[in-house]
Amino acid sequence: MAFSKLELYAPDSGSLTPVKPVQHGNSKIWSVYRGRELVWRMCKVKFVDWDGTQLKYEEVVLGHSATPPENRERPGYVFDGWWPQYANIQANTTISAQYHQACQLELYAVPPFGGTVEGAGDYNQGDRVEVRASPASGYSFSNWSDGES
């Protein structure tokens, strides 16, 4: 077993106790000095989705970062990230997935057999969107319309 870094809490002093890595064979053994009883200070971290569904639970050493689940997909919404941050955890924490509503672009060919259109989907407000119309044989593209003009 190998450790990249350990931070141990000494209950009687309220501070971190230094530990020294000692190489032994193919693993590292940590020798602890001063004879104190050492305890890992752990924080419970829960990741939840927009509706409160628990996505992941883990325990994290105080001051360390949690590892979020994969980014979420929610129809009609764009995933913004996690709140609050999952770095430097200082207490038991619930972290929520954050979303904003997407702008939905629907495209139709009129008549439907007159050609195909590409570029429909969910976008962020202010995104630059490329749409394309490809006329079928015997048709030519005339114009785009919002359905009212």
Here the qualifying pairs (Cβ atoms under 6 Å; residues six or more apart or on different chains; first in the range 112-136 and outside the structural domain of Y77 (by TED's automatic domain parsing) and within 12 Å of V78 (Cβ to Cβ); second part of a strand (DSSP E or B) and among the polar types (S, T, N, Q)) come out as D122/Q104
Those residues of the range 92-111 which are part of a loop (DSSP other than H, G, I, E, B) and either hydroxyl-bearing (S, T, Y) or over 20 Å from the mean Cα position of the chain (by Cα) (or both) amount to E106, L107, Y108, A109, V110, P111
*Yes/no for E148 being of a type in the set (D, E), modelled with pLDDT under 90 and in the same structural domain as W50 (by TED's automatic domain parsing)*: no
Restricted to the range 17-58 and to residues being assigned to a loop (DSSP other than H, G, I, E, B) and modelled with pLDDT of 90 or more, the residue nearest to Y77 (Cα to Cα) is W50
Picking from G114, G121, the residue that is at positive phi and either surrounded by 11 or more Cβ atoms within 10 Å (Cβ to Cβ) or under 16 Å from the mean Cα position of the chain (by Cα) (or both) would be G121
The number of residues in the range 88-111 that are loosely packed, with under 12 Cβ neighbours inside 10 Å and over 22 Å from W40 (Cα atoms) is 6
Only one of (1) assigned to a loop (DSSP other than H, G, I, E, B); (2) at pLDDT 55 or above; (3) outside the structural domain of D127 (by TED's automatic domain parsing) does not apply to M1, and that is (2)
Reported set for the range 59-75 where residues are part of a strand (DSSP E or B) and either touching an Asp or Glu at 6+ places or on another chain (Cβ under 9 Å) or modelled with pLDDT under 90 (or both) is V61
How many residues of the range 129-148 are within 40 Å of the chain's Cα centre (by Cα) and assigned to a strand (DSSP E or B)? The answer is 3
The correct count of residues that are under 15 Å from V48 (Cβ atoms), part of a loop (DSSP other than H, G, I, E, B) and in contact (Cβ under 8 Å) with a residue 12 or more places away in the chain in the range 76-91 is 1
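The values are calculated or read from the model by the stated rules, or taken from the named source; none is laboratory data. This structure is a prediction, so every number in the text was calculated from the model and none was measured. Heads up, the Cβs are rebuilt from the backbone with ideal geometry, glycines too, and the neighbour counts pull from every protein chain shown.
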